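K.L.:
Shown below is the structure under consideration.
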């Protein structure tokens with residue numbers, strides 16, 4: 001059980017002190033007839049300190065097991081729990097769990113903001129948990145797929161990717177399953193949705209460039225030299241656009257085994273990563289000149305603008321694939337895995353929090369091998 005000391009403003013300008021009890025999805029209030037007076041009132045500092053000290057003492061007795069009835073101040077059961085209030089409590093509990101990663105917590109924080117945005121969108125910010133039903137869940141999924149827009153690193157907005165929407169659906173289920181276990185809702189309404197109403201997990205298609213395609217792209221001339229160099233640098237380092245944009249000369253160091261990139265916290269995962277700089281990568285680094293350690297290596301424009309350049313380059317190179325900055329990261333992962341067959345090392349180079357994330361590249365390679373073998377069918 002959690003017990004918090006809270007205050008509520010009264011019509012006469014005073015604030016009443018009350019204890020907020022929360023346990024297994026239920027909330028009660030205790031009003032011990034203690035009040036805070038305005039700071040302008042005579043002896044306000046002493047009066048308020050005395051009242052708050054008494055409230056702290058009462059809370060301590062409650063935590064030790066003494067019931068409110070013994071003090072003659074019975075509990076008043078809260079009528080209904082607001083969705084926003086319950087999510088705040090859930091978030092606090094999540095952040096108190098030291099075993100959860102920052103990325104995992106960020107996903108829940110984003111989901112909670114999205115639910116609050118949805119409540120504002122339907123003009124029901126004070127919706128209560130007893131109203132979480134099939135229509136609510138269906139409406140939220142519609143809002144997430146057709147209305148909601150997230151912010152991009154360059155200050156713009158865009159719709160969520162299918163894979164991201166599926167991830168948030170999973171997080172929503174985790175949250176509502178907990179609410180059902182706590183008795184706050186009867187059941188998770190996701191289970192009442194039909195298959196067509198749910199967001200399906202998209203087939204993970206990760207386009208990557210073959211060695212031959214990389215060579216063709218290198219030969220393409222473009223006025224956007226910086227974008228071209230940064231993309232090819234990504235193909236040989238696996239860095240994301242967001243990390244390339246923030247890459248400074250101070251991140252490039254000389255180690256005992258050669259030049260390396262050291263990033264203390266990758267933009268997406270906040271995980272440190274060290275990437276060796278091979279000759280291929282160094283060939284696409286710009287000249288440093290008189291740049292300082294705090295200067296950026298690549299002076300890149302917006303992600304959308306850079307990807308438009310890459311799309312045009314791919315078309316001119318005769319590459320029939322959707323090429324973006326993330327294709328460079330996929331290419332690095334797939335080509336390095338094919339050359340080394342060492343998934344653990346590739347996972348570390350990419351800064352993945354789990355080898356399971358890297359496993360998709362091994363599956364891509366296996367699909368290519370199966371396709372190659374199938375081409376032999378019917379030859380003999």
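To keep it simple, each residue is scored yes or no on (1) farther than 18 Å from residue 173 by Cβ; (2) surrounded by 13 or more Cβ atoms within 10 Å (Cβ to Cβ).
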{"position": "101", "(1), (2)": "yes, yes"}
{"position": "104", "(1), (2)": "no, yes"}
{"position": "108", "(1), (2)": "no, yes"}
{"position": "111", "(1), (2)": "no, yes"}
{"position": "114", "(1), (2)": "no, yes"}
{"position": "121", "(1), (2)": "yes, yes"}
{"position": "126", "(1), (2)": "yes, no"}
{"position": "134", "(1), (2)": "no, yes"}
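K.L.:
To continue, here is another question. Just wondering, is there one or more residues in the stretch 363-375 that are closer than 30 Å to residue 250 by Cα and either buried (at least 20 other Cβ atoms within 10 Å of the Cβ) or at pLDDT below 85 (or both)?
P.N.:
No - not one qualifying residue is present in the stretch 363-375.
Quick grid of which residues meet (1) more than 26 Å from residue 198 (Cβ to Cβ); (2) part of a helix (DSSP H, G or I):
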| site | (1), (2) |
| --- | --- |
| 89 | yes, yes |
| 103 | no, yes |
| 144 | no, yes |
| 153 | yes, no |
| 171 | no, yes |
| 178 | no, yes |
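K.L.:
Turning to a different aspect of this structure: Which of the residues that make up the stretch 15-34 are more than 26 Å from residue 88 (Cα to Cα) and surrounded by 14 or more Cβ atoms within 10 Å (Cβ to Cβ)?
P.N.:
Answer for the stretch 15-34, where residues must be more than 26 Å from residue 88 (Cα to Cα) and surrounded by 14 or more Cβ atoms within 10 Å (Cβ to Cβ): just 34.
K.L.:
Quick one: in the stretch 178-196, which of the residues that are in contact (Cβ under 8 Å) with a residue 40 or more places away in the chain and farther than 22 Å from residue 94 by Cβ is surrounded by the most Cβ atoms within 10 Å (Cβ to Cβ)?
P.N.:
Once the filter is applied, the top-ranked residue is 193.
K.L.:
Within the stretch 2-48, can you find the residues that are assigned to a loop (DSSP other than H, G, I, E, B) and at negative phi?
P.N.:
10, 11, 12, 14, 37, 38, 39, 40, 41, 42
K.L.:
Also: Inside the stretch 236-314, counting only strands (runs of 3 or more DSSP E) that do not spill past its ends, which hold 2 or more residues that are surrounded by 14 or more Cβ atoms within 10 Å (Cβ to Cβ)?
P.N.:
Once the strands (runs of 3 or more DSSP E) in the stretch 236-314 are filtered for at least 2 residues that are surrounded by 14 or more Cβ atoms within 10 Å (Cβ to Cβ), what remains is 258-263, 273-276.
K.L.:
Identify, by number, the condition in (1) within 17 Å of residue 332 (Cβ to Cβ); (2) touching a strand residue (DSSP E or B) at 6+ places or on another chain (Cβ under 8 Å) that residue 293 doesn't meet.
P.N.:
Checking residue 293 against (1) within 17 Å of residue 332 (Cβ to Cβ); (2) touching a strand residue (DSSP E or B) at 6+ places or on another chain (Cβ under 8 Å), the one that fails is (1).
The values are calculated or read from the model by the stated rules, or taken from the named source; none is laboratory data. Note that this is a predicted model, so its numbers are computed, not measured. Every residue, glycine among them, receives a Cβ derived from its backbone with ideal geometry; neighbour counts consider all protein chains shown.
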